[in-house]
Amino acid sequence: MIVLTHDDVATLLPMTEAIEVVARVMKGVSERTAQLPLRSVVPVGGDNRMGVMPGAIADPACFGVKLISLFPDNPARGLSSHRGAIVLFEAETGGAVAMMDASLLTAIRTAAASAVATRALARDEAESLALIGYGEQAEYHLTAMMAVRPIKRVAVAGRSAEKAAAFAAAAAADYPDVAFSSGTDLRAAVSGADIICTVTAAPTPIVSGDWVKPGAHVNVVGSSIPSMREVDDRMVSRAAIWVDYLPSTLAQAGEIVEMIAAGTLAESDLKGEIGALLSGDIAGRASDEQITLYRSLGVAAQDLAAAQHVLTRARAEGRGQPVTF
């Protein structure tokens with residue numbers, strides 16, 4: 001087995017490569033060549049949870065499990081809200097071949113999935129971005145959006161004006177040709193954006209569909225359990241919605257679950273999975289005026305494909321610490 005650290009993952013999984021890895025595996029997800037039990041979530045005290053995400057994929061052939069802690073107060077301690085490990089097994093003999101840091105890999109693959117959807121659904125000329133949230137996922141979503149669209153303006157918004165401003169200032173140093181603004185006015189940030197990424201831990205809706213302009217693309221990312229939601233019913237009713245994996249969407253996407261239960265939305269109203277769109281099996285954006293939305297929950301297939309990519313590169317470059325059980 002090889003043990004790979006946070007720094008190893010950072011080196012071996014650049015965003016541009018992660019986007020292609022995720023695009024490829026999501027086609028397999030929609031072709032049902034992956035085995036993806038729904039994630040289990042275990043309360044571990046207060047608002048803290050542990051997620052268990054097992055799975056197996058056919059291409060590349062591997063299986064494994066991600067064990068991830070979700071501690072929403074960690075950013076105040078200077079830590080990621082998602083901390084844990086991925087254990088990867090090879091398909092031929094079932095041996096455990098790698099263990100690696102899950103926090104960074106999760107951040108990268110989640111943003112890469114949004115980039116895949118944005119590349120497929122956002123208008124080609126989309127150049128203004130709203131980041132609702134200013135944590136780790138906002139950082140990686142900025143990198144991901146810059147990789148797939150010609151972003152010229154970025155509005156960063158959240159509850160803390162100081163944190164939003166600090167994020168914008170740091171990002172401006174990395175992207176000097178992009179105009180950054182920040183504040184607490186979520187409506188102003190959203191209403192001017194061609195692309196919107198909600199990357200918060202909000203338990204109740206903070207973004208309204210009434211704020212979104214025609215032709216915008218929205219990535220709803222932050223809420224991953226059915227009791228949480230970042231967007232309101234109006235957003236769901238206005239947008240054409242694609243998802244990562246229908247079984248998890250119907251069980252764990254709060255706004256979808258609640259509206260179906262209330263009878264105001266049907267499963268048939270969803271356009272389908274992003275992998276089916278990438279394979280050409282279903283249609284994408286219908287017009288320049290259509291509001292498109294990608295509902296991201298994250299699936300183990302993304303973790304496994306990204307982990308296998310990291311392992312392959314680590315072996316080629318001699319990185320990682322070999323250990324024997």
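The values are calculated or read from the model by the stated rules, or taken from the named source; none is laboratory data. Computed from a predicted model, the values in this text were never measured in an experiment. FYI the Cβ positions are ideal-geometry reconstructions off the backbone, even for glycines, and counts take in every protein chain you see. Just so you know, the surface numbers come from the protein's heavy atoms only, side chains and all, with ligands and any DNA or RNA stripped out. Shrake-Rupley method; radii C 1.70, N 1.55, O 1.52, S 1.80 Å.
Would you confirm whether or not segment 203-212 contains a residue that is touching a Lys or Arg at 6+ places or on another chain (Cβ under 6 Å), assigned to a helix (DSSP H, G or I) and open to solvent by less than 50 Å² (accessible area, probe 1.4 Å)?
yes
Only one of 280, 254 is free of Cβ contacts under 8 Å to residues at least 40 places away in the same chain and open to solvent by 40 Å² or more (accessible area, probe 1.4 Å). Can you tell me which?
Result of the check over 280, 254: 280.
Which condition number in (1) part of a strand (DSSP E or B); (2) touching a residue at least 40 places away in the same chain (Cβ under 8 Å); (3) within 18 Å of the chain's Cα centre (by Cα) is the one that residue 10 fails?
Every condition holds for residue 10 apart from (1).
Criterion first (within 21 Å of residue 244 (Cβ to Cβ) and open to solvent by 10 Å² or more (accessible area, probe 1.4 Å)) does residue 136 satisfy it?
Spelling it out, residue 136 is indeed within 21 Å of residue 244 (Cβ to Cβ) and open to solvent by 10 Å² or more (accessible area, probe 1.4 Å).
Would you please list the contacts, defined by Cβ atoms under 8 Å and residues six or more apart or on different chains, that run from a residue in segment 207-221 that is within 9 Å of residue 190 (Cα to Cα) to a residue that is assigned to a loop (DSSP other than H, G, I, E, B) and modelled with pLDDT under 95?
Between residues of segment 207-221 that are within 9 Å of residue 190 (Cα to Cα) and residues that are assigned to a loop (DSSP other than H, G, I, E, B) and modelled with pLDDT under 95, the close pairs are 213/192.
Given the options 145, 99, name the one that is at pLDDT 95 or above, closer than 22 Å to residue 36 by Cβ, touching a strand residue (DSSP E or B) at 6+ places or on another chain (Cβ under 7 Å) and surrounded by 19 or more Cβ atoms within 10 Å (Cβ to Cβ).
Selected residue: 99, the only one of 145, 99 that is at pLDDT 95 or above, closer than 22 Å to residue 36 by Cβ, touching a strand residue (DSSP E or B) at 6+ places or on another chain (Cβ under 7 Å) and surrounded by 19 or more Cβ atoms within 10 Å (Cβ to Cβ).
Give the number of residues within segment 220-245 that are open to solvent by 40 Å² or more (accessible area, probe 1.4 Å) and under 19 Å from the mean Cα position of the chain (by Cα).
2
Considering only residues that are crowded, with 24+ Cβ neighbours inside 10 Å and in contact with a Ser or Thr (Cβ under 6 Å, 6 or more places away or on another chain), which ones fall in segment 178-194?
Answer for segment 178-194, where residues must be crowded, with 24+ Cβ neighbours inside 10 Å and in contact with a Ser or Thr (Cβ under 6 Å, 6 or more places away or on another chain): just 193.
Of the conditions (1) touching a Pro at 6+ places or on another chain (Cβ under 9 Å); (2) without any contact (Cβ under 8 Å) to a residue 24 or more places away in the chain, residue 127 clears all except one; give me its number.
The failed condition is (2).
Would you pick out the residues in segment 177-224 that are under 19 Å from residue 117 (Cβ atoms) and aliphatic (A, V, I, L, M)?
190, 193, 195, 196, 199, 207, 212, 216, 218, 220, 221
Give the residues of segment 69-107 that are within 14 Å of residue 6 (Cβ to Cβ) and part of a strand (DSSP E or B), sorted by residue number.
Answer for segment 69-107, where residues must be within 14 Å of residue 6 (Cβ to Cβ) and part of a strand (DSSP E or B): 82, 83, 84, 85, 86, 99, 100, 101.
Have a look at 119, 153, 159 and point out the one that is closer than 19 Å to residue 207 by Cα and open to solvent by 60 Å² or more (accessible area, probe 1.4 Å).
159
Take the residues of segment 41-68 that are within 24 Å of residue 31 (Cβ to Cβ) and not in a strand (DSSP E or B): which is most open to solvent (accessible area, probe 1.4 Å)?
59
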